[in-house]
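Trainee: Submitted below is the structure of interest, expressed as structure tokens.
The values are calculated or read from the model by the stated rules, or taken from the named source; none is laboratory data. The structure presented is a predicted model; accordingly, all values stated were derived computationally and were not measured. With ideal geometry, Cβ positions are generated from the backbone for all residues, glycine too; neighbour counts draw on all protein chains shown. We work out accessible area using only protein heavy atoms, side chains counted, and drop any ligands, DNA or RNA first. Shrake-Rupley method; radii C 1.70, N 1.55, O 1.52, S 1.80 Å.
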Amino acid sequence: MSLFSIFNVAASGMAAQSQRLNTVASNIANAESATGPDGQAYKARQVVFAAQAVDSAGSTGVAVTQVVDDPNPPRMMYDPKHPLANEQGYVAMPNVNPVEEMVNMISASRAYQNNVETLNAAKTLLQKTLTIGQ
């Protein structure tokens, strides 16, 4: 693997973690929404990562293969005065767990930060290499 491949690997990691952060933000923003775009309770979404070749040298990075709905059932909240309440007085709320989403957000932001630091270290190494002959 050449030093230039590190840029491709780190960039793929940054792109994947950026999409993960966007998904987490969407989940947190809709955590208390009684209805989603389809009229049903919003379903939490999770990203699925997979290894991906990033260059012809055989370097492997990461990519988001899909964004899937969380299979857990909606959270039932008792509120008989709510317009969307069923006959028993329960409203189907999103299956978003705010604690899990905050952990995902911290994990994704740290992974993104690690990729940025990797890029900066590779850049510094290249700059030092260029000054060797001076």
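Trainee: Give the residues of the stretch 84-116 that are more than 30 Å from Val9 (Cα to Cα) and touching a helix residue (DSSP H, G or I) at 6+ places or on another chain (Cβ under 6 Å), sorted by residue number.
Mentor: Val96
Trainee: Name the single residue that is nearest to Ala10 (Cα to Cα) among those in the stretch 74-83 being open to solvent by 90 Å² or more (accessible area, probe 1.4 Å) and in a loop (DSSP other than H, G, I, E, B).
Mentor: Here the residue is Pro83.
Trainee: While we're here: Taking the stretch 111-134 as the search range and keeping residues that are among the polar types (S, T, N, Q) and within 28 Å of the chain's Cα centre (by Cα), which one is farthest from Phe49 (Cα to Cα)?
Mentor: Only one residue fits best here, namely Asn120.
Trainee: Still on this structure, please answer the following. For the stretch 55-66, check the following and say yes or no: at least one residue is without any contact (Cβ under 8 Å) to a residue 40 or more places away in the chain, under 22 Å from the mean Cα position of the chain (by Cα), open to solvent by 40 Å² or more (accessible area, probe 1.4 Å) and under 29 Å from Leu119 (Cβ atoms).
Mentor: The answer is yes, given that some residue of the stretch 55-66 is without any contact (Cβ under 8 Å) to a residue 40 or more places away in the chain, under 22 Å from the mean Cα position of the chain (by Cα), open to solvent by 40 Å² or more (accessible area, probe 1.4 Å) and under 29 Å from Leu119 (Cβ atoms).
Trainee: Just checking, does the stretch 85-98 include any residue being out of contact with any strand residue (DSSP E or B) (no Cβ under 8 Å at 6 or more places or on another chain) and assigned to a helix (DSSP H, G or I)?
Mentor: Yes, some residue in the stretch 85-98 is out of contact with any strand residue (DSSP E or B) (no Cβ under 8 Å at 6 or more places or on another chain) and assigned to a helix (DSSP H, G or I).
Trainee: Turning to a different aspect of this structure: Please go through the stretch 16-73 and pick out each residue that is in a helix (DSSP H, G or I) and among the β-branched types (Val, Ile, Thr).
Mentor: Residues satisfying the conditions are Thr23, Val24, Ile28.
Trainee: Here is a follow-up. Assess whether Thr60 counts as being at pLDDT below 95, touching a strand residue (DSSP E or B) at 6+ places or on another chain (Cβ under 8 Å) and within 17 Å of Val9 (Cα to Cα).
Mentor: When the stated conditions are applied, Thr60 passes them.
Trainee: Let me spell it out: the conditions are (1) open to solvent by less than 80 Å² (accessible area, probe 1.4 Å); (2) of a type outside the set (S, T, N, Q); (3) over 16 Å from the mean Cα position of the chain (by Cα), and Ala108 meets all of them except one. Which number is the exception?
Mentor: Only one criterion in (1) open to solvent by less than 80 Å² (accessible area, probe 1.4 Å); (2) of a type outside the set (S, T, N, Q); (3) over 16 Å from the mean Cα position of the chain (by Cα) is unmet by Ala108, namely (3).
Trainee: When the residues of the stretch 22-41 are filtered to those that are more than 30 Å from Ile6 (Cα to Cα) and modelled with pLDDT of 90 or more, which remaining residue is surrounded by the most Cβ atoms within 10 Å (Cβ to Cβ)?
Mentor: Restricting to residues being more than 30 Å from Ile6 (Cα to Cα) and modelled with pLDDT of 90 or more, the top hit is Asn27.
Trainee: Any residue in the stretch 108-122 that is among the hydroxyl-bearing types (Ser, Thr, Tyr) sitting within a Cβ distance under 6 Å of a residue that is in a helix (DSSP H, G or I)? List the pairs, counting only those 6 or more apart or interchain.
Mentor: Qualifying pairs under 6 Å: Tyr112/Met14; Tyr112/Gln17; Thr118/Ala10.
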